[in-house]
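**Q** This is the structure, below, for whatever I ask next.
The values are calculated or read from the model by the stated rules, or taken from the named source; none is laboratory data. What you are looking at is a predicted structure, and each value in this text was computed from that prediction instead of being measured. Note that we place each Cβ from the backbone using ideal geometry, even for glycine, and neighbour counts take in every protein chain shown.
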Amino acid sequence: MRKANIFILAAWILHAAAWFLPTLKAQEFRPPVPGWKATRLAACAIWPCGDVQFQTIHHAVLATGSVATTLFFVVCSPWVALRGSSSVRRWSAWVAGAAFIFNMHWIIIFGPQRSQLAIGYFLWLLSFLLLAIGLFASRNERRKET
């Protein structure tokens with residue numbers, strides 16, 4: 001089993017913390033929405049929940065994409081970091097980097113209300129960037145070992 005580097009460990013820690021920290025301080029949802037609930041609300045496009053409705057199909061697709069990136073992080077990153085080959089790590093690093101860029105769409109969607117985004121969102125977002133950096137770095141470390 002390979003040793004995960006500090007970036008990957010930091011990414012996992014930040015991602016785990018983001019599940020419990022407030023991600024959204026919206027007026028409609030009191031108290032602030034923790035990360036796990038924000039993920040559930042984003043999944044409402046494919047897994048109906050109460051009276052949550054998206055303004056447009058475009059918003060529903062973006063929210064579903066965010067849920068998919070979160071599932072990628074939770075399910076795939078431990079396997080990739082601990083057992084993945086160099087090429088799998090490189091490919092996954094690019095996917096994590098793309099997920100970081102993609103998930104920045106929440107800042108744009110919220111527009112003038114972006115101040116409602118809380119620390120949990122920013123830690124969640126940063127975890128994708130750290131994962132990408134860590135996977136790129138671990139790919140290079142493995143190359144040096146051989």
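**Q** Residue by residue through region 1-30, note down the ones that are at pLDDT 90 or above and in a loop (DSSP other than H, G, I, E, B).
**A** Kept after step one, since they are at pLDDT 90 or above, are these residues of region 1-30: 6-23.
Scanning region 1-30 gives Trp19, Phe20, Leu21.
**Q** Are any residues in region 48-96 polar (S, T, N, Q) and more than 14 Å from Trp124 (Cβ to Cβ), and if so, which ones? Steps first, please.
**A** So in region 48-96, the residues polar (S, T, N, Q) come out as 53, 55-56, 64, 66, 69-70, 77, 85-87, 92.
Once the filter is applied, which keeps residues that are polar (S, T, N, Q) and more than 14 Å from Trp124 (Cβ to Cβ), region 48-96 yields Gln53, Gln55, Thr56, Thr64, Ser85, Ser86, Ser87, Ser92.
**Q** Mind checking whether some residue in region 61-73 is more than 16 Å from the chain's Cα centre (by Cα) and either among the β-branched types (Val, Ile, Thr) or surrounded by 14 or more Cβ atoms within 10 Å (Cβ to Cβ) (or both)?
**A** Going residue by residue through region 61-73, those that are more than 16 Å from the chain's Cα centre (by Cα) are none.
No, because not a single residue in region 61-73 is more than 16 Å from the chain's Cα centre (by Cα) and either among the β-branched types (Val, Ile, Thr) or surrounded by 14 or more Cβ atoms within 10 Å (Cβ to Cβ) (or both).
**Q** For region 38-47, indicate whether the set of residues that are under 19 Å from Ala118 (Cβ atoms), among the basic types (Lys, Arg) and either loosely packed, with under 13 Cβ neighbours inside 10 Å or touching a residue at least 40 places away in the same chain (Cβ under 8 Å) (or both) is non-empty.
**A** Looking for residues that are under 19 Å from Ala118 (Cβ atoms), among the basic types (Lys, Arg) and either loosely packed, with under 13 Cβ neighbours inside 10 Å or touching a residue at least 40 places away in the same chain (Cβ under 8 Å) (or both), one finds none in region 38-47, hence no.
**Q** Taking Pro32 as the residue in question, decide whether it is farther than 17 Å from Gly97 by Cα, in contact (Cβ under 8 Å) with a residue 60 or more places away in the chain and more than 17 Å from the chain's Cα centre (by Cα). Lay out the reasoning, then the answer.
**A** Working: farther than 17 Å from Gly97 by Cα: yes; in contact (Cβ under 8 Å) with a residue 60 or more places away in the chain: yes; more than 17 Å from the chain's Cα centre (by Cα): yes.
Judged against the criteria, Pro32 is a match.
**Q** What about Phe72, is it among the aromatic types (Phe, Trp, Tyr) and modelled with pLDDT of 90 or more?
**A** On the way: among the aromatic types (Phe, Trp, Tyr): yes; modelled with pLDDT of 90 or more: yes.
Yes: the conditions hold for Phe72.
**Q** Search region 83-94 for residues that are within 10 Å of Ser138 (Cα to Cα) and pair each with any residue that is of a type in the set (D, E, K, R) and exposed (fewer than 15 other Cβ atoms within 10 Å of the Cβ) when their beta-carbon atoms are under 6 Å apart and the residues are at least 6 apart or on different chains.
**A** Once the first residue is within 10 Å of Ser138 (Cα to Cα) and sits in region 83-94, its partners that are of a type in the set (D, E, K, R) and exposed (fewer than 15 other Cβ atoms within 10 Å of the Cβ) give Ser86/Arg142.
**Q** Only one of (1) buried (at least 18 other Cβ atoms within 10 Å of the Cβ); (2) under 26 Å from Ala93 (Cα atoms) is not met by Ala16, so which one is it?
**A** Looking at each condition in turn, Ala16 falls short on (1).
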